[in-house]
Amino acid sequence: MLYRQGEIGSSWYAVLGGSLEARLTHTTQTSSTNTDKAVVSLDVGATFGESIVHDLPRDMTVCTKTTCELLRIHQNDFKKIWDKHSNLMKDLIASNKLRNGMASGNLSKCQSPPPVMTQARRTITPDNPDPAEVITENPSMPMARAGWVLRTLLLSDQNTVLRDRKTGGGRSVVRRCASGSELIDWLMNLVSTDHDSFSRHDVIGMWQALLEEGVISHATGEHPFKDKCLFYNFWQDREGALNTPTIQDVAEAEEHLDEALQELVHRGPDAHLRLILRSPSSERTPEDLELIFEELSEQKALAHLPNSVKRELASVVVFEAHPKAGHTLFRQGDDGKAWYVIMQGAVSVETYSKGIVESLYEGEDFGGLALIHNVPRSATITVKEDNTHLLRVDKDSYNKIVRDIEANTVRLKELGSDVLVLEKSPRLHKYMIIAGTPQKILEHLLEHRLSTTNVAGSRNDPCLDDFLLTHIVFMPTRTLVSELNKYYHMENPAQDREYTINCKRKVVQFVYRWVVTIRHPVFDDVVSMSFLEELASDVEADCQLLGGKSQALQEEASLMHHIMSRLRRYQDERLETSGLKWKLPPGGQPICLFSAISNPSKNNRPIIRPNDDIIFRVYCADHTFCTLRLAVNATAETIKVGAYEKCSLRHPVQDLRIVEVKSNGERVPFRDSEHSIPTTVALNSCIFLTPKDHMDALTCVPEQEKSEGAEISGDFDSLSTKELAYHMTLFDWELFWNVHEYELIYLTFGRHRFQQITANLDIFLRRFNEIQYWVITEICTSQNISKRTNILKKMIKLATYCKEYYNFNAFFAILMGLSDVAVSRLSTTWDKLPSKSRKQFTEYETLIDPSRNHRAYRITVGKLPSPMIPFMPLLIKDMKFTHDGNKTHVNGLVNFEKMHMLAQTMRTLRYCRARHLVLDPPVSKNEADVKSYVSCLRCVNNERTLMSMSQKLEPRRT
């Protein structure tokens, strides 16, 4: 028993876990005995006990039904909160009373909530979802607060957007309402100051986020939020609220406006997606289908499905919300009628013989086997968590997709086996390659995807582009040029002159597209370079032989001349930078010291090439070392042998290992076959040579320890943040420009498989870590709290400028540094930060939020033009996700659907560099100092050391 009816209360409560019961005590007329009657259940999120504000006795008895966890606030503290935020608290308390099942303002009568609030909960799992219905049992606190802020500002607006309006020919009046178009116009004026790229669609999502939680609704509950002359009002006004905002209310709402807008901006895209998913399939536009397809592409449960299936699913998949746990979706033995994917929440899997056998969570699916094999359900599925969201595909829709795809699929067979599978794309109105043998895929591209009359006609063909970007995965360059050579010299038994010429044209056009798309890796390969020279000679000879007075192969000869000119120009550039020597500094930092010695090009940072030399140290267990100069692409075994000869170790060379020792003492051994070891080691790491059984005895060398305790050179606090962001972006752009798309494939599939390096990508990723740890180090090495607070403020401002320059790699690194526990725990420092900076940091945290596969970031950059520096770790994650979730070969054929997905990520990289970076330089008085500082960011990357420094600055409170 928490308390009894009639007692004087001392605390207010909120339910964090478990369930309680509120009871009314009645005295019967026939006897003097009292009887308790349970009238309402108080579950997670419920609040009660607000009678303490007016010093009234408890009007109910409250006792626990299960083990509970409660939040309790004493009467004196609660009164202070109530007095300071009276209107907001009244709205929240009234909202909670409705959620608890008690009418506003009259607890003792225990009336049911008004019909408008319960209408959306009539059907939990509708066959035809209604986007006008709410999807939560109770509005969340952030959305309730955002609703209060917007309502307060709307009511205080001089334009009186919210007002009473007559509907139905003047027969009825809707209290304090506004049309959807008016609300969008009003909110866009608020949002556009900080989000110039926001569209009306984005704002529709923000209002729909409020509607789907019951904060606002259509006047009659019939419509979701639309940009039309349909009237909507807030739930307080539907309940008959008469209060008008006071000056204090308006001031408080303006204070919380940024927070409310950020919450709505964050939730808007998901709400807009749910709006589409709950609308009839016939109403989904091509843009809607593309948005759903992107969502399905991020679901790991669907990763194995071809893109064509996902696109078909986009037109039939529906959204299903379950506000309360405990609902049974289907029972063991039922007929399979639908397939489900969990978007949010969890379900329990239960069988009659074993009970609950497992739980399924976000990203997992269930119900598919019974659908595919047409058998009864093998288990009972029950919703495990409140606010569980599902994607559902009905059986009839799924079967129709399977039939339609099979009907649109063309299979080319040889000797009874498939050698090429094509599928018609409704979106592109052409057949796409799904699978095939490498030779048949190439043959199809040459015969059907290249125009013999117009080179530009094939430039936008996605299949050709995907092949060029990914062929090294399934068709090595040596094999490709061999097949191209055969096709060019194809013997034609019928001696059809036109056919022979067309074959030659297609090969030349293919090669031209290959060179333009892939660039220097084609010229770096000895086999492809030899092929290009032979092809140029053959085309010139054939042009003279076949041409005569006609124009046969004239255009192709011109293309080959252009290719060979590019080849010669590239060879001249390579000759200028040949023999470059790179130096790996002790500890591997900073990036600027990882530089080329005697670089002839002073303006641009050269590309690291496999045959360049690199100078680095290899340490022994006693911290003695030798210096090696080897090719960048040298294997760990080559490094081991070279160091063994210089260090004169007594152990046999076959018993030795090359090991990376990080600044925190972690030891990472390398396989003998691994390439480019010096460029892959982490910040402040060293390379060791050690016997296999002595690895545990390795310790950090003095250079690493010195770096851990060193003061940071330069004074960040005295430099201009805009200048820093400008020069940081230029420096990062040079590193990013040198990363080739192929390096993503090498890293994803393994460098050893291609005998290639990822050195330029390694250095760019190292730069990300360098910036992140630099941020932490700058803050944790500042002993003065005022200076530390100023550094914190400047870091947030630096992130702002990086975002303006579209340098999202540095933007993420800075924000992740500020979010590190060594910085985030400095509460005293954060408390002194100006409120504007704190709000800005909160906004940026929303942008870097990793939930829903970084949806917020993807939406933002999807609207931006090139050039930009993307968040590279996310591109690498996308590549690995595609690789791990899809087989490269299926039934002996190349899974070209996987190549489509890989190429899409690689195209993102290419799009970011579609134009050269041109920035207006800021006014500077000490440009040289800023450039030097930006390129030499010294940092500590030992988490234990950083945490120790942080705790010395602000000891843990006891």
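The values are calculated or read from the model by the stated rules, or taken from the named source; none is laboratory data. The shown structure was predicted, so the numbers you read here are calculated from the model rather than taken from an experiment. Cβ: placed from backbone, ideal geometry, glycine included. Neighbour counts: every protein chain shown. When the accessible area is computed, the model is the full protein with side chains, heavy atoms only, and any ligands, DNA or RNA have been set aside. Shrake-Rupley method; radii C 1.70, N 1.55, O 1.52, S 1.80 Å.
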How far apart, in nanometres, would the label points at Leu864 and Leu16 be if each is projected 7 angstrom from Cα along the Cα-to-Cβ direction? 3.9 nm
Compute the distance in nm between two label points, each set 7 Å from the Cα along the Cα-to-Cβ direction, one at Asp715 and one at His74. 4.9 nm
The ³J(HN,Hα) series, computed from each phi in segment 827-840 with the Karplus coefficients 6.51, -1.76 and 1.60 at θ = phi - 60°, rounded to the nearest Hz and given as x for glycine or proline, is 4, 4, 5, 5, 5, 7, 6, x, 4, 4, 5, 5, 5, 5
For the pairs Lys228/Lys400; Lys440/Lys887; Lys324/Lys400; Lys300/Lys337; Lys506/Lys887; Lys228/Lys839, flag any whose C-alpha to C-alpha distance is greater than 28 Å. Lys228/Lys400; Lys324/Lys400; Lys506/Lys887; Lys228/Lys839
To the nearest µm²/s, what D does Stokes-Einstein give for segment 753-887 at 10 °C and 1.306 mPa s, using the Kirkwood radius over alpha carbon pairs as Rh? 97 µm²/s
Judged on accessible area alone, 1.4 Å probe, highest first, Glu350, Glu312 line up as Glu350, Glu312
Paramagnetic reach from Lys836 (point 7 Å along Cα→Cβ, amide N under 12 Å) across segment 777-811: 797
Reachable lysines from Lys952, criterion Cα separation under 20 angstrom, eight or more residues apart if same chain: Lys706, Lys787, Lys832
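Students sometimes get this wrong: rank Thr800, Thr829 by accessible area, probe 1.4 Å, all chains present, largest first.
Thr800, Thr829
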So what is the accessible area of the chain per residue, in Å², with the probe set to 1.4 Å? 46 Å²
Under a Cβ-Cβ cut-off of 11 Å, what is the net charge of the residues other than Val775 that fall near it, where Lys and Arg count +1 and Asp and Glu count -1? -2
Which residues among segment 861-889 fall inside the zone where the amide N is under 19 Å from a point 7 Å beyond the Cα of Lys300, along Cα→Cβ? 873-888
Return the whole-Å distance between the Cα centroid of segment 713-743 and the Cα centroid of segment 272-318. 39 Å
For segment 313-472, with +1 on Lys and Arg beta carbons and -1 on Asp and Glu, the positive-most of Leu450, Ala321, Leu464 along the dipole: Leu450
Calculate, in nm to one decimal, what Arg403 and Lys880 gain on full extension: separation in residues at 0.36 nm each, minus their alpha carbon distance. 168.6 nm
Out of the total accessible area of segment 123-265 (probe 1.4 Å, heavy atoms of protein only), what percent is carbon and sulfur? 49 percent
Looking only at lysines whose Cα falls under 27 Å of Lys79's and that sit 8 or more positions away or on another chain, we get Lys90, Lys97, Lys109
In degrees rounded to 10, the 0-90 angle between helix 462-474 Cα long axis and the longest Cα principal axis of the chain is 70 degrees
Total charge dipole magnitude, the chain, about the Cα centre, Cβ charges on Lys, Arg, Asp, Glu only, Debye to nearest 20: 660 debye
Can you flag which of Lys310/Lys880; Lys722/Lys877; Lys310/Lys395; Lys504/Lys898; Lys803/Lys898 are past 27 Å Cα-Cα? Lys722/Lys877; Lys504/Lys898; Lys803/Lys898
Give the aspartates and glutamates reachable from Lys646 as a straight Cα distance under 20 Å; neighbours fewer than 8 places away on the same chain don't count. Asp613, Asp622, Glu637, Asp655, Glu660, Asp672
Please work out the FRET efficiency for the pair Ser824 and Thr167, using the Cβ-Cβ distance as r and a Förster radius of 45 Å; give the result to the nearest 0.05. 0.30
Looking at segment 811-958 from every direction and averaging, what is the projected area of its Cα convex hull in nm²? 14.4 nm²
Simple spin-label estimate for Lys646 and Lys952 in nanometres, 7 Å along Cα-Cβ: 3.5 nm
In range of the label at Tyr352: residues from segment 313-332 whose backbone nitrogen is under 19 Å from the point 7 Å along Cα→Cβ: 328-332
P(r) of segment 643-755 over all Cα-Cα pairs, binned every 10 Å from zero, in whole percent: 11, 27, 30, 22, 8, 1
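Could you calculate the FRET efficiency of Tyr499 with Ala541 from 1/(1 + (r/R0)^6), where r is the beta carbon distance between them and R0 is 30 Å, rounded to 0.05?
It comes out at approximately 0.95.
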Quote the charge dipole size of segment 775-840 about the Cα centre in Debye, to the nearest 20; the model charges only the Cβ of Lys and Arg (+1) and of Asp and Glu (-1). 280 debye
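Just to confirm a number: summing +1 for Lys and Arg and -1 for Asp and Glu over residues other than Trp733 whose beta-carbon lies under 12 angstrom from that of Trp733, what do you get?
In short, +2.
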Once Lys and Arg get +1 and Asp and Glu get -1 on their Cβ, which of Phe330, Tyr773, Phe474 lies farthest toward the positive end of the dipole of the chain? Tyr773
The chain - mean residue ellipticity at 222 nm from DSSP helices (-39,500 (n - 2.57) per run, n ≥ 4, rounded to 500): -14500 deg cm²/dmol
Going by amide H atoms built from the backbone, whose H comes under 5 Å of the H on Leu580, apart from near neighbours? Asp613
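Stretched out fully, how many nm does the piece from Glu491 to His54 gain, at 0.36 nm a residue minus the Cα gap? Write down the numbers at each step before the final one.
Numbers: separation 437, 0.36 × 437 = 157.32 nm, distance 9.90 nm.
Gain in length upon complete extension: 147.4 nm.
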